[in-house]
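Below is one structure, written out as structure tokens, with a few remarks after it.
The values are calculated or read from the model by the stated rules, or taken from the named source; none is laboratory data. All values derive from a computational prediction rather than experimental measurement. In this analysis, Cβ positions are derived from the backbone assuming ideal geometry, glycine residues included, and neighbour counts consider all displayed protein chains.
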């Protein structure tokens, strides 16, 4: 098999000149470059293939790394990689799509073997964004694994939960506790999770013959403070609702704080349920009813997909993880309120 030395001899140049041409050095004259390229063809020289170990970086982009929800996702990612030689490159979009794009534009220049992404792309911009991801990653054999959502495009992989079903389950639990006037604290208006959870909330009301009332929805941004302010806003204009379904636990905990500030009791005056089952949910008073989302497993499975693809194994495009209802005293005063001591 011909080597670089054979190419250099054939072209009548030095080894360093051959190396410069192979690496795209623009300072090499066109004539010299053509001689080297011709010599490469004549000697049938092949560039040595890079070893797999040269490319063991996985990029991970999440909305809020410091959030309890996403720290559990990261634990799953890190533990899945604990005994491997992979390196993780983290990014935090802070629920700002412009920051997400900035991170993507930075890592597209890196040598990656996979991207794990929990996108905050507004619903109306998804088509263009997905095309951008294909151009810079999937078309270059870099798998992209989405978290928290089912991507129907065959170019991507996803590890998700059914947000519509989870919201339906949470709302229906309140209805089964004899609540008919149920408020909802939603997330960012254009976020895909927000859209699906509002959809599930509406579907549960309709399935039980309860008319949807748009004035019973107040938007937050998934943070505890936004849940507190959204609840304050609801209570300042309405006094007839007896329960609230929050799009996540952090906002639900903020809502409990707001309800107490009005001198009201949870769940006697207003019952509260969230989604995610973060560790704090069992510690707040009263302990928060919620939908358990397997966040640790989500991160672990995402890594497993990338590692399996790297080893040439077939992977399903979509992995949907099961969630379940956890009833605590924020909706049922007789429910178990023991602390959960794992995950924090």
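Return a yes/no flag: does the range 320-327 have any residue that is more than 24 Å from the chain's Cα centre (by Cα) and more than 14 Å from residue 157 (Cα to Cα).
yes
Given the condition touching a residue at least 60 places away in the same chain (Cβ under 8 Å) and over 26 Å from residue 156 (Cβ atoms), answer yes or no: does some residue in the range 97-118 qualify?
no
Among (1) under 20 Å from the mean Cα position of the chain (by Cα); (2) outside the structural domain of residue 71 (by TED's automatic domain parsing); (3) buried (at least 21 other Cβ atoms within 10 Å of the Cβ); (4) touching a residue at least 60 places away in the same chain (Cβ under 8 Å), there is one condition residue 196 misses while meeting the rest; what is its number?
(4)
Looking at (1) touching a strand residue (DSSP E or B) at 6+ places or on another chain (Cβ under 7 Å); (2) within 26 Å of residue 67 (Cβ to Cβ), find the lone condition where residue 241 falls short.
(2)
Applying the selection to the range 308-327, what residues are farther than 20 Å from residue 162 by Cα and crowded, with 18+ Cβ neighbours inside 10 Å?
Listed by number, the list holds a single entry, 309.
Check off (1) surrounded by fewer than 18 Cβ atoms within 10 Å (Cβ to Cβ); (2) part of a loop (DSSP other than H, G, I, E, B); (3) in contact with a helix residue (DSSP H, G or I) (Cβ under 6 Å, 6 or more places away or on another chain); (4) modelled with pLDDT of 95 or more for residue 265 and give me the number that stays unchecked.
Among (1) surrounded by fewer than 18 Cβ atoms within 10 Å (Cβ to Cβ); (2) part of a loop (DSSP other than H, G, I, E, B); (3) in contact with a helix residue (DSSP H, G or I) (Cβ under 6 Å, 6 or more places away or on another chain); (4) modelled with pLDDT of 95 or more, the lone unmet condition for residue 265 is (3).
Consider the range 54-68. How many of its residues are touching a residue at least 40 places away in the same chain (Cβ under 8 Å) and surrounded by fewer than 23 Cβ atoms within 10 Å (Cβ to Cβ)?
Of the residues in that region, 8 qualify.
So which of 18, 36 ends up being assigned to a helix (DSSP H, G or I), modelled with pLDDT of 75 or more and under 46 Å from the mean Cα position of the chain (by Cα)?
Details: 36 fails: under 46 Å from the mean Cα position of the chain (by Cα).
Among 18, 36, only 18 is assigned to a helix (DSSP H, G or I), modelled with pLDDT of 75 or more and under 46 Å from the mean Cα position of the chain (by Cα).
Quick check on the range 272-290. Is at least one of its residues surrounded by fewer than 21 Cβ atoms within 10 Å (Cβ to Cβ), touching a strand residue (DSSP E or B) at 6+ places or on another chain (Cβ under 9 Å) and more than 24 Å from residue 195 (Cα to Cα)?
For the range 272-290, residues surrounded by fewer than 21 Cβ atoms within 10 Å (Cβ to Cβ), touching a strand residue (DSSP E or B) at 6+ places or on another chain (Cβ under 9 Å) and more than 24 Å from residue 195 (Cα to Cα): present.
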